[in-house]
Each structure stands twice: as C-alpha cells, then as structure tokens.
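**Q** Following this message is one structure expressed as structure tokens.
The values are calculated or read from the model by the stated rules, or taken from the named source; none is laboratory data. Note that the coordinates shown come from a computational prediction; the quantities given were computed from them, not determined experimentally. Note: ideal-geometry Cβ built from the backbone for every residue, glycine included; neighbour counts use all protein chains shown.
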Amino acid sequence: MTWQPTPLEEQRLDKLASLQEAGIEPYPLRVERTHTSEEALALFETLGEGEEATVTVCGRIQSMRDMGKTVFAHIVDGNGRLQLFVRREAIGEEGHRHFRKLLDLGDFVQATGTLFRTRAGEVSVQVSDWKLLSKAISPLPVVKEQEVDGEVVRYSAFADVEERYRQRYADLAVNPDVRQVFRTRAQIISAMRRFMDDHGFLEVETPILQPLYGGAAARPFTTFHNQLKQELYLRISFELYLKRLLVGGYERVYEIGRDFRNEGVSFKHNPEFTQMEFYAAYWDYNDVMAHTEQMMAYIAEQVTGSAVISYQGQEINLAPPWTRITMRDAIQKYTGIDYMNHTDAESLAVAVQEMGKARGVATQTPPGASWGKLIDGLLGDFVEPNLVQPTFVTQYPRDISPLAKGIPGDPLHVERFEFFIAGMEMGNAFTELNDPIDQRQRFEMLQQMYGSDDEELNPIDEDYLRAMRYGMPPNGGFGTGVDRLTMLLTDKTTIREVLLFPHLRERE
RNA sequence: GGCCCUGUAGCUCAAUGGCAGAGCAACUGACUCUUAAUCAGCAGGUUGGAGGUUCGAGUCCUCCCAGGGUCACCA
C-alpha cells in the first residue's frame with residue numbers, strides 16, 4: 001500500500017522543508033560521536049573538583065521539555081539515555097529556536113557540550129552545538145516514564161500486540177524491555193555455542209533446501225529450483241544430514257539454525273523456528289541426558305546468573321541431576337494406566353476411554369492412531385502439564401521413533417527421551433539407530449502406517465541409507481527448540497515475544 | 001478449521017440505541033533548572049470493511065478482514 005501522509009506527518013514534512021531552507025541537512029553523511037551516553041555518565045563520575053569534560057553524544061530524542069529559555073531533552077542511544085540541556089545563551093538564538101521548533105520526538109541528533117549536574121541532580125550535557133542526524137517523519141508511539149520508588153512506571157505504552165509485531169521496529173524503539181528480550185536471546189545462543197564448542201563439537205551448516213525431507217513427522221514447505229527443474233523442500237530437521245557427517249568421520253557435530261514446518265501457529269509454534277541439534281559418536285542417550293542437563297544449567301547461569309530461574313511465578317531449578325522417569329511410569333503415575341497391560345492400539349484405546357469416563361475428562365483416541373501415538377497423546381494431555389521441574393521422560397514407543405535404537409529384549413520401546421520444563425516439551429533425543437538394515441525396515445513400516453497420501457510421511461531417503469551402509473558409529477543425538485528455551489529464560493508465554501518478526505497473516 | 005473475546009484520534013482508553021469524548025503526542029503561545037514539567041488556547045475521526053434493522057447504530061443483526069484466547073491439528 002502506498003503511503004498517504006497523515007496530518008501529523010504533513011507537519012513534520014513541513015518542518016523538514018524549513019530545516020532545509022535554514023541550511024540544515026536532515027540526513028547528513030557523517031557523525032562525530034565521542035561518547036555513548038553510558039560512557040559520558042561514567043566519565044562525569046571520574047571528574048575531580050573544577051575539572052570539565054566536553055563530549056559529543058548521539059541518540060534519538062525521547063522527550064522534550066521546553067522551558068522557554070532552556071529546553072530539556074532526553075536522548076536514547078544503544079545502552080542508555082542522557083539529558084541534553086539546551087540553553088539559549090549557550091548556543092545562540094538561532095540554534096535554540098531551531099532546536100525548539102524544528103526537532104521532534106523520534107529525531108536522531110548529535111549534541112556537543114560539557115557535562116554538568118543540574119539542580120535537580122541529573123548529569124546532563126550543556127549543549128554548545130548540535131546537529132540533526134535523521135529527521136523522523138512518522139511519530140513513534142509516545143511512551144512516558146516516571147520513577148516511583150526506584151521502579152519505572154510507564155504511561156501510554158505501545159501495547160497493541162498486533163501492531164507491536166507488525167511494526168517491531170517501533171516496538172523496539174519505544175519498549176526497552178523488548179530490546180532486552182532479544183539481547184537475552186543472543187546470549188542464550190552464544191552460551192549454547194560456547195558450551196558445545198568447549199565440549200569438542202564442530203559447528204556445521206547443512207542444506208536448508210533439500211531434495212527430500214526427513215527427521216521429523218511434519219509437513220514441509222515446498223519450492224522449486226528453476227534451472228535444475230527440481231522440486232525442493234525446506235528442511236523440517238537437520239538430523240539426517242548431521243548423521244551423514246558422523247559417517248564421514250566427524251565425532252561430534254552440531255548445528256544451530258532454522259527449521260520450517262508447514263503447520264498451524266500457536267503460542268509455541270511458528271512456521272519457522274530455531275533448533276539446535278547435535279550428534280556425538282560413542283554416546284548413548286544416557287550420555288546425552290548428562291550433557292543436556294549440564295548445558296541447560298550452564299546457559300541459565302550464563303544468562304541469568306543462576307541455574308534457578310523464575311518462570312510465570314514458579315521457581316524452576318535447572319541444576320543437575322534432573323528427574324528421570326520412564327514413559328511407562330510417567331503414564332501410570334498421571335493416568336493410572338499401565339500401558340503394558342494393553343500392548344495393542346485397540347485395547348489401549350479402550351483403556352484410555354474408560355479412564356477418561358472414570359475421571360470425567362475428554363480423551364482423544366482418534367481411529368487409526370497407533371499404539372505409540374495413543375501413548376504420546378496421554379503424555380501430552382496428562383503428563384506434560386505436570387512436568388514443571390526439568391524432567392527426562394525416557395523409553396519411548398518404537399512405532400513413533402523410527403530413527404532410535406531399540407532396547408534389547410524389549411520389542412516395544414526404544415532408547416529415546418524427551419525433556420520437559422515448565423510443562424513444555426523442550427527437546428527430543430535418542431540413542432541413534434545405526435543399523436542400515438533395521439533402518440530400512442523402520443522406514444518401510446512407516447510407509448505402511450501412514451499411507452502414501454499422508455504428507456507427514458517422509459519419503460525413503462536412499463542416500464541416507466547408503467551413507468549408513470558405509471558404517472555409522474554408535475551415537476547419541478539431540479534436538480532442542482531455541483525459541484522455547486528463550487521463552488523459558490525471558491519469562492514469556494508466547495513464542496512471538498521471542499521472535500523478532502513472528503509470522504502474521506497478511507493484511508488486506 | 002470450530003467456539004469465545006477484541007478492533008473508536010498517532011498512542012492508551014471512555015461513550016444506557018440519542019450531539020463521538022479524555023489524557024498523552026501534535027499545533028499556537030506563556031515560562032530563568034525541567035524530568036509523566038506546568039499553564040492558556042487550538043486542532044485532530046469513513047468508530048476495521050460491506051450490508052441490514054431502526055425515526056436514529058460506535059452500540060443490535062448478517063457477512064467479511066485482522067488479532068488474541070481456547071479446542072482440534074502438530075513426534
């Protein structure tokens with residue numbers, strides 16, 4: 001949609017013209033900053049009696065209080081804010097008038113002057129010269145803040161969630177706490193990367209555009225390469241490529257990147273999301289569990305200063321060791337059903353229905369759901385919400401775990417775990433299947449289970465099987481959602497608050 | 001996709017079916033150090049969109065759009 005200036009924008013365009021008439025360049029090329037606001041404030045504290053310091057600072061005008069002869073303005077820069085004290089005697093009649101009349105909230109300015117403390121006690125810049133750096137045409141939402149008993153109270157905050165997401169730049173510009181969320185997110189990823197690097201893992205990048213998709217049960221996005229005349233899929237996981245690298249001789253690899261799943265959006269689902277997966281040769285899922293709990297505690301400590309965090313008013317302790325419970329015990333504990341007494345889908349569905357009736361709760365046993373799917377459904381409905389403290393749920397049904405190694409003597413389970421924190425699934429891992437014959441059978445079993453028109457059915461990846469036939473070391477693998485981890489460590493209840501530009505429906 | 005809720009000035013919000021309002025921002029001015037500055041004045045609207053009921057609709061009805069919640073779906 002083309003831009004039609006609003007009346008407020010027309011006023012600012014008029015000011016822009018006045019500035020240019022006065023010979024002021026509204027979008028100059030060069031900036032002469034000597035100090036950030038933070039540095040300027042620190043510098044002032046080091047000054048001795050009678051000492052002076054001149055600084056040139058830059059930032060966006062956040063507030064302006066015009067007292068006639070004197071104008072007080074706060075500018076905000078990357079890490080803080082600073083008050084400008086603009087006095088007519090100090091900068092001359094014209095500079096004073098232009099500052100008062102032609103600048104607006106939202107403009108970027110540069111100001112030069114000496115640091116001093118006002119009568120009210122705030123360290124400020126006594127401006128002797130200023131320069132416009134960028135004229136803002138559209139008014140940012142006005143946010144006023146006041147300090148009451150050390151707490152910052154905000155007024156008229158920009159709060160409409162839809163507009164905040166659609167215009168994240170404006171959200172970030174006026175809401176410092178939002179800026180902080182994404183700093184924390186960067187720290188989380190940085191700490192995760194450090195932990196992996198320090199444990200001998202090699203960071204790699206594998207294809208996002210893939211001729212075949214796999215590694216998860218999800219519908220992919222499809223696209224097309226014109227010159228190759230080839231249909232391509234955006235990856236739904238990294239798994240099959242990372243394990244090829246173990247065949248190639250790397251012992252420990254990981255990747256942090258974007259996965260794409262063509263599914264519904266919700267408070268914990270976005271069509272593209274960030275995952276970290278790793279694979280370690282000679283590890284089994286017990287080793288992966290130990291690594292997981294250490295890593296999560298490390299990240300929390302690095303980011304929040306403690307392995308004990310607060311999420312939605314609940315205290316959560318990420319320090320190892322975490323609770324470990326088998327799937328069978330977990331289901332039994334929270335539903336009363338021992339699914340080993342119902343080892344086929346039909347019988348288990350009956351047991352689930354009876355349990356639901358007895359407890360007066362709705363249960364879902366969709367026709368055609370496999371035994372494993374039913375168990376997974378019970379986990380999601382009855383167990384997951386209770387797992388507030390970090391918990392590993394271990395030993396998953398084989399039929400929903402086609403890439404995990406079986407447990408010897410147990411035809412129904414595999415060495416797989418998921419871990420849960422704050423009632424949310426945070427990750428998935430297993431002792432990886434490295435037997436190419438078994439793997440082919442698992443893939444073929446899936447083909448029968450899903451039916452050929454089910455889009456969640458992964459095509460059989462013959463190249464992956466070929467790689468495995470060259471010999472893949474036994475290994476443990478792991479995947480976790482970085483967005484959900486960020487939600488946890490920033491105390492946010494929706495994934496959109498931790499994505500800079502969450503996906504929204506197109507308007508009009 | 002089902003159900004529920006929401007959409008009014010740039011921002012935050014009012015308005016029993018009866019003249020669309022307030023605060024902040026803007027604009028005009030006053031003011032010797034203010035900090036949600038203050039004071040005086042002035043302006044700002046297709047009430048998300050399209051229909052309908054009614055003498056009269058921001059308000060009631062239908063459809064559509066967008067968002068939120070919830071359920072379904074989603075390893």
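**Q** Out of the residues in the range A:71-92 that are within 33 Å of the chain's Cα centre (by Cα) and not acidic (Asp, Glu), which is nearest to RNA strand B (Cβ to nearest atom)?
**A** A:HIS74
**Q** What's the number of the only condition in (1) within 29 Å of A:GLU163 (Cβ to Cβ); (2) free of Cβ contacts under 8 Å to residues at least 60 places away in the same chain that A:ASP198 fails to meet?
**A** (1)
**Q** Filter the range A:417-441 down to residues that are surrounded by fewer than 20 Cβ atoms within 10 Å (Cβ to Cβ) and either in a helix (DSSP H, G or I) or more than 15 Å from RNA strand B (Cβ to nearest atom) (or both), then give me how many there are.
**A** Of the residues in the range A:417-441, 7 are surrounded by fewer than 20 Cβ atoms within 10 Å (Cβ to Cβ) and either in a helix (DSSP H, G or I) or more than 15 Å from RNA strand B (Cβ to nearest atom) (or both).
Here's the yes/no breakdown for (1) surrounded by 15 or more Cβ atoms within 10 Å (Cβ to Cβ); (2) within 15 Å of RNA strand B (Cβ to nearest atom):
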site: A:ARG219; (1), (2): yes, yes
site: A:LEU228; (1), (2): no, no
site: A:TYR241; (1), (2): yes, yes
site: A:VAL253; (1), (2): yes, no
site: A:ARG261; (1), (2): yes, yes
site: A:SER266; (1), (2): no, yes
site: A:PHE278; (1), (2): yes, no
site: A:ALA281; (1), (2): yes, no
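**Q** Take the residues of the range A:216-243 that are in a loop (DSSP other than H, G, I, E, B) and among the hydrophobic types (A, V, I, L, M, F, W, C): which is farthest from A:ALA429 (Cα to Cα)? Can you show your working first?
**A** Going through the range A:216-243, the residues in a loop (DSSP other than H, G, I, E, B) turn out to be A:216-221, A:226-229, A:235-238.
From what is left, the residues that are among the hydrophobic types (A, V, I, L, M, F, W, C) are A:216-218, A:221, A:228, A:236, A:238.
Details: A:ALA216: 12, A:ALA217: 15, A:ALA218: 17, A:PHE221: 24, A:LEU228: 35, A:ILE236: 16, A:PHE238: 13 Å.
Checking each candidate, the answer is A:LEU228.
**Q** Output the qualifying pairs, or none if there are none: Cβ atoms under 6 angstrom, residues six or more apart or on different chains, first residue in the range A:49-74 and in the same structural domain as A:GLY106 (by TED's automatic domain parsing) and charged (D, E, K, R), second residue in a strand (DSSP E or B) and more than 14 Å from RNA strand B (Cβ to nearest atom).
**A** Close Cβ pairs satisfying both conditions: A:ARG60/A:PHE108.
**Q** Right, here's the next one. Tell me which of these A:ILE407 doesn't satisfy, since it passes every other one: (1) β-branched (Val, Ile, Thr); (2) in contact with a Phe, Trp or Tyr (Cβ under 6 Å, 6 or more places away or on another chain); (3) surrounded by fewer than 22 Cβ atoms within 10 Å (Cβ to Cβ).
**A** Among (1) β-branched (Val, Ile, Thr); (2) in contact with a Phe, Trp or Tyr (Cβ under 6 Å, 6 or more places away or on another chain); (3) surrounded by fewer than 22 Cβ atoms within 10 Å (Cβ to Cβ), A:ILE407 violates only (2).
**Q** Counting only residues that are part of a loop (DSSP other than H, G, I, E, B) and small (Gly, Ala, Ser), how many does the range A:182-215 have?
**A** Qualifying residue count for the region: 3.
**Q** Can you name the number of the only condition in (1) exposed (fewer than 14 other Cβ atoms within 10 Å of the Cβ); (2) at pLDDT 95 or above that A:ASP177 fails?
**A** That leaves (2) as the condition not met.
**Q** When residues of the range A:380-437 are filtered for being out of contact with any Lys or Arg (no Cβ under 9 Å at 6 or more places or on another chain), within 29 Å of A:GLY248 (Cα to Cα) and among the charged types (D, E, K, R), how many remain?
**A** 1
**Q** Identify all residues within the range A:383-402 that are within 12 Å of RNA strand B (Cβ to nearest atom) and either more than 14 Å from A:TYR339 (Cα to Cα) or among the charged types (D, E, K, R) (or both); write none if there are none. Steps first, please.
**A** Just the residues of the range A:383-402 that are within 12 Å of RNA strand B (Cβ to nearest atom), to begin with: A:384-385, A:393, A:396-402.
Answer for the range A:383-402, where residues must be within 12 Å of RNA strand B (Cβ to nearest atom) and either more than 14 Å from A:TYR339 (Cα to Cα) or among the charged types (D, E, K, R) (or both): A:GLU384, A:PRO385, A:VAL393, A:ARG398, A:ASP399, A:ILE400, A:SER401, A:PRO402.
**Q** Within the bounds of the range A:414-433, is there any residue that is at positive phi and of a type in the set (A, V, I, L, M)?
**A** yes
**Q** Of all residues in the range A:93-134, how many are within 15 Å of A:ILE61 (Cα to Cα), within 39 Å of the chain's Cα centre (by Cα) and within 12 Å of RNA strand B (Cβ to nearest atom)?
**A** Count: 7.
**Q** So, one more: Take A:VAL142 and decide whether it is in contact (Cβ under 8 Å) with a residue 12 or more places away in the chain, among the aliphatic types (A, V, I, L, M) and not in a strand (DSSP E or B).
**A** Numbers: in contact (Cβ under 8 Å) with a residue 12 or more places away in the chain: yes; among the aliphatic types (A, V, I, L, M): yes; not in a strand (DSSP E or B): yes.
The answer is yes for A:VAL142.
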